[in-house]
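Notes follow the structure.
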C-alpha cells in the first residue's frame, strides 16, 4: 500500500522545507506549492490524501483556495495553518470545509499527531495501513509485524505500541509524558517508570550488532535514530 501523499501550501520556503522533512520522516510522501494558484495546478496533476494550507499567501490565500476546492466538489481533507488565532478565522476555515485548524507557531509533534488523526478519520481503513521503517527496523502496522534486518521480532502488544509511537516520530525526541498518554492513556504528570521499563525491553530485542538506535535524551525523553 502506497504512503499517503500530503500537499504543503505555504509561501515561506523555510516552512515548506521544515514540514516536508517532518512529514517524510513520519512516512508520508509530499508535494509543495507556494500559493493557492500553484496548488490548484498541482491538484490537477496529482491525487493527494491531505492538504496543509497556510492562510496568508499571495495571489490566492488559503481560504480562497479551500473555498474553490470545495466548490469544485473535492473532499480532500484540509488542515489550515495560520498565525492568526482569531476565533472568526477558525470559524471561517471550518465553515469552508477545513478538517482542522492549527495556529502558528506550532509544535511539529502536535502537527504530526493531527495529520495522523485526520487521515485515520478520512481515509479508508486499508489505505492507512503503513509500512514504517527506521534503520534496520521495519514495522507493518496492519499485520502487527516487526522485523530487524528482515528477521521477525516478537513483541508484546505494549512493546509494539511503544515502538510504533517512536517510529512515527523517528528522529525526534518524544517526551515520557507523550508516550504515557499515547500508549498507557495516562494523561497527567507521573513519576511512573513504566516507560523506562518498556524501553529497556525494546532495547534487549532490537539492539543487535552495531544498531543501538533507541536513545535516552536526559531530561527530555527518548529518540529513535536510524543508526
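The values are calculated or read from the model by the stated rules, or taken from the named source; none is laboratory data. Since this is a predicted model, take the numbers as computed values, not measurements. Neighbour counts run over all protein chains shown; Cβ positions are idealised from the backbone, glycine included.
Say we look at the range 20-54 and pick out the residues that are touching a residue at least 60 places away in the same chain (Cβ under 8 Å) and in contact with a strand residue (DSSP E or B) (Cβ under 7 Å, 6 or more places away or on another chain); which of these is surrounded by the most Cβ atoms within 10 Å (Cβ to Cβ)?
Per the stated criteria, the residue is 52.
Within the range 2-10, identify whether any single residue is in the same structural domain as residue 57 (by TED's automatic domain parsing), in a helix (DSSP H, G or I) and either closer than 22 Å to residue 71 by Cβ or out of contact with any helix residue (DSSP H, G or I) (no Cβ under 8 Å at 6 or more places or on another chain) (or both), and answer yes or no.
no
State the number of residues belonging to the range 130-162 that are over 19 Å from the mean Cα position of the chain (by Cα) and at negative phi.
Final tally of qualifying residues: 15.
Going by the conditions given, is residue 68 in a loop (DSSP other than H, G, I, E, B) and touching a helix residue (DSSP H, G or I) at 6+ places or on another chain (Cβ under 8 Å)?
No; evaluated as a whole, the condition is false for this residue.
Restricting to the range 166-215, give me the number of residues that are part of a helix (DSSP H, G or I) and either crowded, with 18+ Cβ neighbours inside 10 Å or at pLDDT below 90 (or both).
Summing the residues that are part of a helix (DSSP H, G or I) and either crowded, with 18+ Cβ neighbours inside 10 Å or at pLDDT below 90 (or both) in the range 166-215 gives 18.
Six or more apart or on different chains, Cβ under 7 Å: which pairs go from a residue in the range 154-166 that's closer than 10 Å to residue 202 by Cβ to one that's assigned to a loop (DSSP other than H, G, I, E, B)? Could you list them?
160/144; 163/155
Quick one: in the range 26-53, of everything that is touching a helix residue (DSSP H, G or I) at 6+ places or on another chain (Cβ under 9 Å) and assigned to a helix (DSSP H, G or I), which residue is nearest to residue 120 (Cα to Cα)?
Of everything passing the filter in the range 26-53, 43 is nearest to residue 120 (Cα to Cα).
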